[in-house]
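The values are calculated or read from the model by the stated rules, or taken from the named source; none is laboratory data. What you are looking at is a predicted structure, and each value in this text was computed from that prediction instead of being measured. Cβ: placed from backbone, ideal geometry, glycine included. Neighbour counts: every protein chain shown. Heads up: the accessible areas ignore ligands, DNA and RNA and are worked out on the full protein's heavy atoms, side chains in. Shrake-Rupley method; radii C 1.70, N 1.55, O 1.52, S 1.80 Å.
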Amino acid sequence: MANEVVLLDLKVSPFAARVRIALEEKGIKYESREEDLSNKSSVLLKMNPVHQQIPVLIHNGRPICESMIIVQYIDEVWNHKSPLLPSDPYRRAHARFWADYIDKKIYPIGRNLWASKGEIKESSKKDLIECFKILERELGDKPYFGGETFGYVDLALVPFYSFFYTFETLGNLSMVAECPKLVEWGEKCLEKESVSNTLSDQQKVYEAILQIKKELGVE
């Protein structure tokens, strides 16, 4: 059976970037279809009727939704190379815990930082820095979160490396000063073609966020 792989995509989305990295890691050929979230396609509405959001992976006509669920699917279906989740059940559960932490913390708090003012913005800034420090402690002196090889937790977090400039500029903070090991980790991840060919330019992400701020009326 031929593999037809289509990704309903959005270039500046960190969640879509996760899926693109996973596909690149596995060497899977796929068609990227850029979505306009202000004018969602009939395909997106059909393939993800519950959330109506990207990313959606369509494999041989069947949709899989939610970025880290898609990544797990990719890892299980194309298990011939570059395993993303550890084989050991404990380490696999550990990786899922940290990916879940990233999902529940980084984007929601980061969004509060750039979509708010005053005390909420300052509180979000402190919370975001603390989350990054917790992740930095988990990373420790390892090259990657799982050890010596790029894996599931790295893939979950590295798209937010593209947001570091936005966090720094809009939050008046320095990632190098606050979390130097995390910045070094991000630079190491960028040495991988699957990451460097996939991540959005930090300036483009910043410009996209500024546009969203304008639409929200937050100056």
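Which one is surrounded by the fewest Cβ atoms within 10 Å (Cβ to Cβ) among residues in the stretch 59-77 that are over 30 Å from Lys125 (Cβ atoms) and charged (D, E, K, R)? Break it down into steps so the answer makes sense when it comes.
Pass one, the stretch 59-77, residues over 30 Å from Lys125 (Cβ atoms): 59-65, 69-70, 72-77.
Of the ones still in play, those that are also charged (D, E, K, R) are 62, 75-76.
Details: Arg62: 8, Asp75: 19, Glu76: 11.
Ranking the candidates gives Arg62 first.
Step by step: first the residues of the stretch 60-77, then only those that are within 14 Å of Leu8 (Cβ to Cβ) and not in a strand (DSSP E or B), then the one that is nearest to the chain's Cα centre (by Cα). Which residue is that? Even if it seems obvious, please write down each step before you answer.
Taking the stretch 60-77 first, the residues within 14 Å of Leu8 (Cβ to Cβ) are 61-67, 70.
Then keep just the ones that are not in a strand (DSSP E or B); that gives 61, 66-67, 70.
Numbers: Gly61: 24, Glu66: 11, Ser67: 8, Ile70: 12 Å.
Going through the qualifying residues, I end up with Ser67.
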* Would you mind stating whether Glu193 is free of Cβ contacts under 8 Å to residues at least 24 places away in the same chain and either closer than 30 Å to Ile28 by Cα or over 16 Å from the mean Cα position of the chain (by Cα) (or both)? => no
* Structure fact -> If we keep only residues of the stretch 79-112 that are touching a Gly at 6+ places or on another chain (Cβ under 8 Å) and either among the charged types (D, E, K, R) or closer than 28 Å to Val43 by Cβ (or both), then the residue modelled with the lowest pLDDT is Lys81
* To do: Kindly indicate whether any position in the stretch 37-56 is open to solvent by 80 Å² or more (accessible area, probe 1.4 Å), out of contact with any helix residue (DSSP H, G or I) (no Cβ under 9 Å at 6 or more places or on another chain), modelled with pLDDT under 95 and not in a helix (DSSP H, G or I).
  => yes
* To do: Quick one: in the stretch 78-125, of everything that is closer than 26 Å to Leu170 by Cβ and of a type in the set (Lys, Arg), which residue is most open to solvent (accessible area, probe 1.4 Å)?
  => Lys104
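So, Val205, is that one touching a Ser or Thr at 6+ places or on another chain (Cβ under 7 Å) and open to solvent by less than 10 Å² (accessible area, probe 1.4 Å) or not? Reasoning before the result, please.
Numbers: touching a Ser or Thr at 6+ places or on another chain (Cβ under 7 Å): yes; open to solvent by less than 10 Å² (accessible area, probe 1.4 Å): yes.
Considered against the rule, which asks whether it is touching a Ser or Thr at 6+ places or on another chain (Cβ under 7 Å) and open to solvent by less than 10 Å² (accessible area, probe 1.4 Å), Val205 comes out as yes.
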* Inspect the stretch 74-94 for any residue being touching a residue at least 60 places away in the same chain (Cβ under 8 Å) and under 24 Å from Pro180 (Cβ atoms) and give the result as yes or no. => no
